[in-house]
1. If you roll a 1.4 Å probe over the stretch 137-237 with all protein chains in place, what percent of the accessible area is carbon or sulfur?
2. Find how much the distance from LYS32 to GLU10 grows on full extension, using 0.36 nm per residue of separation minus their present alpha carbon separation; answer in nm with one decimal.
3. So, taking all protein chains as they sit and a 1.4 Å probe, how much accessible area belongs to ASP203, in Å² rounded to tens?
4. Just to compare against my own numbers: the Cα pair-distance distribution for the stretch 133-248, 10 Å bins, whole % per bin, please.
5. Roll a 1.4 Å probe over the protein heavy atoms and report the accessible area of MET204 in Å², nearest 10.
6. Sort HIS45, HIS240 from largest to smallest accessible area, using a 1.4 Å probe on the heavy atoms of the protein chains.
7. Where the centroid of each part is defined by its Cα atoms, how far is the stretch 136-152 from the stretch 1-63 in Å?
Amino acid sequence: MFSKSGNTEELLRLVPCVKAKGVYLICVTNVKVNASMDLCDMNVHLPLERELCPFDLAPVTSTAIQMVFGGYRGDCFNGGKEFEQRRVHGPTGREFKLVSPPSAHYICSLSGCLKRSLGALTNEDFGFCNVLVRDVMKKKEELPICKEQDLIMDQLVELTSKGCGCLLVIDDGFHLLGTFTDGDLRRTLKSSGEGIFKLTVGDMCYRKPRTIGPDAMAVEAMQKMESPPSPVQFLPVIDHENILIGSPHHSRSGENRKVVTEEKSGC
């Protein structure tokens, strides 16, 4: 992985996808201390005094240094039998999809833009992209959580502040008990009126939400979110003990923004 700073967000988002394939990842950078160092297996530092640009901005010198280094390393690998076969015959279709940068970029931006990112890929593409749910999910600290004894009206800020359109109801051991969506809130307001001020989340939450495990494929998460009777905006990730650990989630953005919930709940 070549980068001048080693801190480029787009490249850092690709690392989990590459690591999921069991690849030994080397980052080549011109900045000695960078974010890539802790994520990759090896860091190669190519010293850079300054760019040729009079303002030290345009990456002229750094690009030339990395091209020379890359060309030299490529020549060193040319003697390998397997590399020679690839050079003569080219990569197979499967190998190309495995390392295709566009696919990797779309997959890696799954967290935060799930539907838009995955919509450009076919199921065949996903067969070659070993991206797991754990690589693209929101972590615990990013989730809107509450206890079942909490009053609904006390949890409105939590319901709306984290962009998921739902509350994940847990117990003291972080076991998932159910979900309460913005759609559930509207239905409760309509049916209960002022009585909603006395209702707890546990009174109205949905106890059988769709869930998925952290080691499932990302495409499986998308399929579950899009499956009948209607699509959902979130999918709780639980371990084998039903403990909540995350949730993949796609943002509702653009002019086509649309909130869809099931008759009973968003999950």
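1. Its accessible area is 56 percent carbon and sulfur atoms.
2. Here the segment from LYS32 to GLU10 would lengthen by 6.0 nm.
3. Probe radius 1.4 Å; accessible area of ASP203 about 90 Å².
4. Taking every Cα pair in the stretch 133-248, the percentages come to 14, 47, 31, 8, 0.
5. That residue has around 50 Å² of solvent-accessible surface.
6. Sorted descending by solvent-accessible area, the residues read HIS240, HIS45.
7. So the two Cα centres are separated by 36 Å.
The values are calculated or read from the model by the stated rules, or taken from the named source; none is laboratory data. Since we're looking at a predicted model, the values are computed, not measured. Please note that ligands, DNA and RNA were not included when accessible areas were found on the heavy atoms of the full protein model with its side chains. Shrake-Rupley method; radii C 1.70, N 1.55, O 1.52, S 1.80 Å.
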